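A quick write-up on the structure given underneath.
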Amino acid sequence: MSTQEFNQLLLQNSEYLRPFAVTLTKDQETAKDLLQETMFRALSNHDKYSVGTNIKAWLYTIMRNIFINNYRRKSKQNTIFDNSPNDFLLDYNQSAVANEAESSIRIKYINAAIHNLPGIFKQPFMLYFEGYKYHEIADMLQEPLGTIKSRIHFARKLLKTQINKY
């Protein structure tokens, strides 16, 4: 296949890539960049395209791989982009010391508030807090599912009012 035929084939199929790029990136501008990078890679790897294979599938695969590689690269950077007028890049790994005394006092208040819950609310809430699902708690306590959900909801409300006092 000649370069001109290949280029024509790419142009004909580029419109199918736009919606896929938007689906992946959820952003119009980033989708345009992804599409441009895909077309560049397809042009630069023209020799790897086998005549007769599905060009759309080949282009979709290139786009998906570029997106995945970019995503992995960004997740490893640990950099936050600040949208302030000066557009500074902030280092995510700044060292800050947490106030452990304050957090331990808060935990004491939270534990005291949980301890002071009425038993009817405390038991389902603690099971939910330990990671059990609503239906599992309902089976354990032999109560209807709606009752369990209500009790956990009211326990949360009571805890919220108690903790807001501190």
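The values are calculated or read from the model by the stated rules, or taken from the named source; none is laboratory data. Quantities reported herein were computed from a predicted structural model and do not represent experimental measurements. No Cβ is skipped: glycine too gets one built from the backbone with ideal geometry, and neighbour counts run over all protein chains shown.
What the table shows:
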| read-out | value |
| --- | --- |
| Qualifying residues in the range 24-54 (those that are loosely packed, with under 10 Cβ neighbours inside 10 Å and either outside the structural domain of Tyr71 (by TED's automatic domain parsing) or polar (S, T, N, Q) (or both)) - the one modelled with the highest pLDDT | Ser44 |
| The range 44-63, residues that are of a type outside the set (Val, Ile, Thr) and touching a helix residue (DSSP H, G or I) at 6+ places or on another chain (Cβ under 7 Å) | His46, Tyr49, Lys56, Leu59, Tyr60, Met63 |
